[in-house]
Ligand code: NAP
């Protein structure tokens with residue numbers, strides 16, 4: 001049996017339509033939401049990501065303001081730009097594309113963003129609200145994973161979820177979302193120090209791979225019928241691949257996200273959703 005494909009492009013399209021409606025409602029109040037993207041350096045992948053974010057912003061009616069700094073930008077220069085955007089009333093959401101190059105301090109820059117304009121949802125204040133189950137601006141990739149599940153009617157309540165990866169960008173916030181009251185999965189977070197990842201992963205009804213190791217999750221790591229969400233994006237000679245060995249895992253899983261076309265488009269869509277939520281909040 002071959003797994004049902006969870007099509008992130010289809011779900012992202014539904015989110016895009018919802019965001020466009022909310023943008024139109026704001027326009028009636030004379031408000032155009034603004035998203036400022038900040039790109040430092042010349043990493044090709046970062047350029048691709050920011051381009052797709054700006055394109056989608058324009059498509060849904062969000063005003064896209066773009067700022068680029070050279071690879072040799074100083075910490076002070078990046079921080080001054082963030083402070084300027086914090087003070088700019090035309091900017092509702094700020095996205096600093098991570099990772100920053102060289103010795104620039106990602107965490108310090110993220111912490112300087114006004115939490116009300118934190119389109120990525122990664123400011124410590126917003127992560128704190130997430131832990132308290134009161135977040136408005138939720139990190140985009142974990143929020144996108146939750147939306148894929150709800151779109152396809154996969155209810156995590158009572159399920160065993162295993163997340164491989166514990167980053168502050170993906171694994172940790174996602175573990176909070178899945179374990180939250182009302183969602184009620186029983187969550188295990190695995191990482192590089194977890195012995196026998198396959199044995200842990202095999203217990204999952206919902207298995208999420210957010211690691212950055214191509215093909216780490218093979219069919220031996222998947223319970224028959226499980227939902228498998230592949231967050232990984234790895235550039236290889238075979239092109240973009242995830243952390244899941246898609247061809248063999250689709251034969252045992254009940255449902256699976258592809259790479260590309262799975263979680264990736266959701267991350268961008270949720271960034272727009274956060275920007276609109278921030279703009280709505282700025283209007284009281
Ligand atoms: P990260 O910060 O490098 O974290 C990777 C996590 O994987 C860490 O917790 C690490 O464990 C764990 N890990 C590493 N090797 C492992 C192994 N062999 N077995 C088990 N766990 C292992 O990465 P990230 O930012 O979370 O990103 C993860 C992947 O998702 C990357 O491929 C990234 O490109 C992709 N990504 C995709 C999207 C999207 O929109 N689809 C968004 C963000 C990220 P330790 O904590 O012990 O080091």
Looking only at residues in region 157-171 that are touching a residue at least 40 places away in the same chain (Cβ under 8 Å) and not in a strand (DSSP E or B), which one is farthest from the ligand (Cβ to nearest atom)?
-> 159
Any idea how many residues of region 205-219 are more than 10 Å from the ligand (Cβ to nearest atom), assigned to a loop (DSSP other than H, G, I, E, B) and under 16 Å from residue 258 (Cβ atoms)?
-> 1
Test set (1) over 20 Å from residue 120 (Cβ atoms); (2) within 9 Å of the ligand (Cβ to nearest atom); (3) buried (at least 20 other Cβ atoms within 10 Å of the Cβ) - residue 222 fails condition number | (2)
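Which one is farthest from the ligand (Cβ to nearest atom), of the residues in region 233-284 that are in contact with a strand residue (DSSP E or B) (Cβ under 8 Å, 6 or more places away or on another chain), farther than 15 Å from residue 6 by Cα and assigned to a loop (DSSP other than H, G, I, E, B)?
First, the residues of region 233-284 that are in contact with a strand residue (DSSP E or B) (Cβ under 8 Å, 6 or more places away or on another chain): 233-234, 240-246, 249-250, 253-260, 262-263, 271-272, 274-275, 278-279.
Subsequent filtering for residues that are farther than 15 Å from residue 6 by Cα retains 233-234, 240-241, 243, 245, 271-272, 274-275, 278-279.
The next check asks that each one be assigned to a loop (DSSP other than H, G, I, E, B); those that pass are 233, 243, 245.
Working: 233: 4, 243: 6, 245: 14 Å.
Out of the qualifying residues, it is 245.
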Please enumerate the residues belonging to region 128-155 that are within 18 Å of residue 206 (Cβ to Cβ), touching a strand residue (DSSP E or B) at 6+ places or on another chain (Cβ under 6 Å) and more than 10 Å from the ligand (Cβ to nearest atom).
-> 154
Going through region 180-204 in order, the residues found to be away from the ligand (no atom under 12 Å from the Cβ), part of a loop (DSSP other than H, G, I, E, B) and farther than 23 Å from residue 130 by Cβ are 202, 203
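May I ask you to list the residues in region 127-156 that are free of Cβ contacts under 8 Å to residues at least 40 places away in the same chain and at negative phi?
Across region 127-156, the qualifying residues are 128, 129, 132, 134, 135, 139, 142, 146, 150, 155.
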In this structure, does residue 208 turn out to be crowded, with 19+ Cβ neighbours inside 10 Å and in contact with a strand residue (DSSP E or B) (Cβ under 8 Å, 6 or more places away or on another chain)?
-> yes
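Any read-out appearing in this document is the output of simple, stated calculations on the displayed coordinates, not a laboratory observation. All values reported here derive from a predicted model rather than from experimental measurement. Every residue, glycine as well, gets a Cβ built from its backbone with ideal geometry; the counts of neighbours run over all protein chains shown.
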